[in-house]
Structure formats: structure tokens, C-alpha cells
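**Student:** My questions all concern the structure below.
The values are calculated or read from the model by the stated rules, or taken from the named source; none is laboratory data. It should be emphasised that the depicted structure is a prediction, and the values quoted were computed from it without experimental measurement. Neighbour counts are summed over all protein chains in view; Cβ atoms, including those assigned to glycine, are modelled from backbone coordinates with ideal geometry.
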Amino acid sequence: MNFSGLYKQLKKRLRLKRRVLSLGAVVLVAGAAAGWLLAHNDEGGRKDAQSALAPIASAGVPDSDEDALAILAKQGKKQTVMVIRSYVCGEETDQLGAMWPEEIQSLHEENPGLSILLKNDRVVMQELIDDLSPSCKDSAYFGMDKDGNLSLFDGVPAGQKVIRTFFQLNVGFLESSLQREAVEQLKEGIRVKDLLEYNSVLSTFSEFAVEE
């Protein structure tokens with residue numbers, strides 16, 4: 001069973017088994033789910049980037065990229081440059097080596113989405129990308145971890161290589177609302193290859209999140 005089939009079955013089962021909600025409640029639930037997805041994706045990407053940049057966090061950030069480039073031009077020497085691209089799922093790091101300020105400026109002009117952070121003789125150029133990284137597109141699976149959390153895995157859930165944990169699932173409600181085959185599919189892993197599938201899985205299973 002693919003995710004499309006699971007999604008249709010889930011919606012059908014929910015219509016039959018869930019308590020009848022008022023129109024106002026449905027609107028609230030849908031709005032909350034959409035807001036959660038947007039906020040979570042944005043926060044998740046930013047937290048990943050902040051984690052990767054932890055060693056340079058104490059350096060401070062110039063007021064703008066232009067200020068950073070001006071500082072580099074004034075120093076007039078080569079700087080070690082690295083590029084970090086942080087995705088909704090995954091991250092890529094490129095070590096570009098030593099570059100002159102003019103080369104760094106040209107790189108920034110060619111890639112305006114890169115922001116500039118400075119640390120002594122090191123320049124980190126960072127970009128947040130609203131997509132899945134190539135590695136995630138190759139191997140990302142949604143599943144349920146041993147504690148009952150909806151999580152994203154590198155490979156099938158059985159490998160326990162958790163990329164990110166999202167929320168605690170109400171397993172009892174999940175199992176009573178879906179057929180055994182659908183629950184087993186979640187445990188075995190739901191493959192996601194693009195951002196649309198990624199957001200669809202999150203939206204679908206947010207129906208079963210334990211309320212805090």
C-alpha cells in the first residue's frame with residue numbers, strides 16, 4: 001500500500017469512526033495543523049543551521065551581508081570559506097578553501113541567498129532551503145520510533161537512524177482508526193521523495209498527535 005492509498009483510507013476511516021466535529025472545530029483543527037507545519041518546517045531548518053554553526057555562534061553577526069563584505073575588504077586577506085545549505089530535511093556542507101575578499105563577494109553576488117557569518121579567519125556562508133536535501137530524497141522515511149513518536153528516519157525505521165522527531169502519537173487512537181495494514185505500513189516506514197509528500201504525511205498524522 002502506498003501513501004496515497006493510506007491517506008485515502010485514513011480519511012475514510014476518520015469519517016466513519018471519529019466523533020462528529022462542528023464546522024468551527026474543523027476549521028480550527030485545519031488551521032492549527034497548517035500553522036504548525038509552517039512554523040515547524042521553518043523552526044526545524046533554522047535549528048539545524050544553528051546547530052551546524054554552533055562553533056561560530058560567539059562571533060556575532062554583522063548587521064548585513066554588505067557590512068560583512070566591507071569588513072573582509074578592509075582586512076584585505078584570504079579567508080577560509082565554507083558553505084552550509086540547511087534544508088527542511090538534511091544539510092550539505094562545502095569547504096571552499098582560502099579565498100580573497102573579491103572572490104567571496106563574487107560568490108555572494110552569484111548566490112544572493114547565502115548569508116555571511118564571520119569568525120576570525122573563517123567565513124561561513126549559510127542558506128536555508130525550503131526543500132528536502134538530495135540525500136533525504138534518496139533515503140528518507142516517516143515512521144514510528146520505539147517510544148511512539150512520529151519521526152523521520154534515514155532509511156527504514158528498523159534501522160533507528162532518526163533524523164528528526166516531530167510529536168508523540170496517540171497509538172491507541174491510531175490503531176482503532178486505521179486497519180492493521182495501514183498501521184504496519186507506518187511502522188515499516190513511509191517513503192517520502194519530495195516536499196509535497198513530506199508535508200502530506202505530517203499533515204495526515206497530525207490528526208493523531210497527543211495533545212499537550
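**Student:** Is it the case, given these coordinates, that VAL201 is farther than 30 Å from GLY97 by Cα, out of contact with any Lys or Arg (no Cβ under 8 Å at 6 or more places or on another chain) and of a type outside the set (Lys, Arg)?
**Tutor:** In short, yes.
**Student:** Kindly establish whether LEU132 is touching a Pro at 6+ places or on another chain (Cβ under 8 Å), farther than 18 Å from SER206 by Cα, in contact (Cβ under 8 Å) with a residue 40 or more places away in the chain and buried (at least 19 other Cβ atoms within 10 Å of the Cβ).
**Tutor:** It is false that LEU132 is touching a Pro at 6+ places or on another chain (Cβ under 8 Å), farther than 18 Å from SER206 by Cα, in contact (Cβ under 8 Å) with a residue 40 or more places away in the chain and buried (at least 19 other Cβ atoms within 10 Å of the Cβ).
**Student:** Please verify whether region 158-180 includes one or more residues that are of a type in the set (Lys, Arg) and within 19 Å of ASN199 (Cα to Cα).
**Tutor:** Yes, there is a match, as at least one residue in region 158-180 is of a type in the set (Lys, Arg) and within 19 Å of ASN199 (Cα to Cα).
**Student:** Could you say which residue among LEU118, LEU132, LEU128 is more than 21 Å from the chain's Cα centre (by Cα) and of a type in the set (A, V, I, L, M, F, W, C)?
**Tutor:** Just one listed residue meets the conditions, LEU118.
**Student:** While we're on this one: Being out of contact with any Ser or Thr (no Cβ under 8 Å at 6 or more places or on another chain), more than 30 Å from GLY76 (Cβ to Cβ) and aromatic (Phe, Trp, Tyr) is the requirement here; does PHE166 meet it?
**Tutor:** no
**Student:** Within region 155-184, how many residues are under 22 Å from the mean Cα position of the chain (by Cα), in a helix (DSSP H, G or I) and modelled with pLDDT under 90?
**Tutor:** So the count comes out to 2.
**Student:** So if I check each of LYS74, LYS78, which one is outside the structural domain of THR165 (by TED's automatic domain parsing), in contact with a Phe, Trp or Tyr (Cβ under 6 Å, 6 or more places away or on another chain) and either surrounded by 14 or more Cβ atoms within 10 Å (Cβ to Cβ) or at pLDDT 70 or above (or both)?
**Tutor:** The match here is LYS78.
**Student:** Another question, then. Among (1) outside the structural domain of ARG85 (by TED's automatic domain parsing); (2) out of contact with any Lys or Arg (no Cβ under 9 Å at 6 or more places or on another chain), where does LEU117 come up short?
**Tutor:** (1)
**Student:** Let me ask something else about it. Which one of the conditions (1) without any contact (Cβ under 8 Å) to a residue 60 or more places away in the chain; (2) surrounded by 16 or more Cβ atoms within 10 Å (Cβ to Cβ) does GLY113 fail to meet, given that it meets all the rest?
**Tutor:** Exception for GLY113: condition (2).
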